[in-house]
1. Among Ala16, Ile78, Thr26, which residue has its Cα positioned farthest towards the positive end of the charge dipole of region 1-87, with +1 placed on the Cβ of Lys and Arg, -1 on the Cβ of Asp and Glu, and the dipole taken about the Cα centre?
2. For region 85-107 and region 1-68, what is the centre-to-centre distance using only Cα atoms, to the nearest Å?
3. Which cross-chain or sequence-distant (5 or more) residues have an amide H under 5 Å from the amide H of Val48, H modelled 1.01 Å from N in plane?
4. In Å², and per residue, what accessible area does region 1-51 have when probed at 1.4 Å with the other protein chains present?
5. Among (i) 1.06; (ii) 0.95; (iii) 1.03, find the value of Rg/Rh (Cα atoms, Kirkwood Rh) that was calculated from the structure presented, and write down its label.
6. Counting Lys +1, Arg +1, Asp -1, Glu -1, what net charge surrounds Val20 among other residues with beta carbon under 12 Å of its beta carbon?
7. Give me the count of lysine pairs in the chain whose alpha carbons sit under 23 angstrom apart, restricted to pairs 8 or more positions apart or on different chains.
8. Per residue, how much accessible area does region 64-109 show when a 1.4 Å probe rolls over the protein heavy atoms, in square angstrom?
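The values are calculated or read from the model by the stated rules, or taken from the named source; none is laboratory data. These numbers come from a predicted model, not from an experiment. Quick reminder, even Gly has a Cβ in these numbers, built from the backbone with ideal geometry, and neighbours come from all protein chains shown. Side chains are part of the model used for accessible areas, which takes the heavy atoms of the whole protein and leaves out ligands, DNA and RNA. Shrake-Rupley method; radii C 1.70, N 1.55, O 1.52, S 1.80 Å.
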Amino acid sequence: KGELQEMDAEVAKIVADNAVVVFSKTYCGFCRAVKQLLRELGVRVMFVLELDQDSKGAQIQKTLAAKTGQSTVPSVWIGGEFIGGSDATSSLHRSGGLVPKLRAANALA
């Protein structure tokens, strides 16, 4: 129980301290696509945590699943708000909602 609360606090701190956060895995094509889209849109700084390269990656992924109901990566957060995965981020962009969220989070160059 304590470890889960500790991970929850760690994830909350990462999300609170960074305008754009992508929880990712290095071998995930959807993760690469989302990171590329965010870069192309002009995101200045993006905190990327590659869960497959982090010793706490599995626990962080479980924590994310408990927080969001989504157990897969990428897990995209903008301005402290959970956006979703690749499909949700792409849909938000197609509907014109992604850039305003990035702008509101002061994430664009």
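1. Thr26
2. Value for the Cα centre distance between the two parts: 17 Å.
3. Val22
4. Roughly 56 Å² per residue, with all protein chains present.
5. (ii)
6. +3
7. Here the count comes out as 20.
8. Result: 49 Å² of accessible area for each residue.
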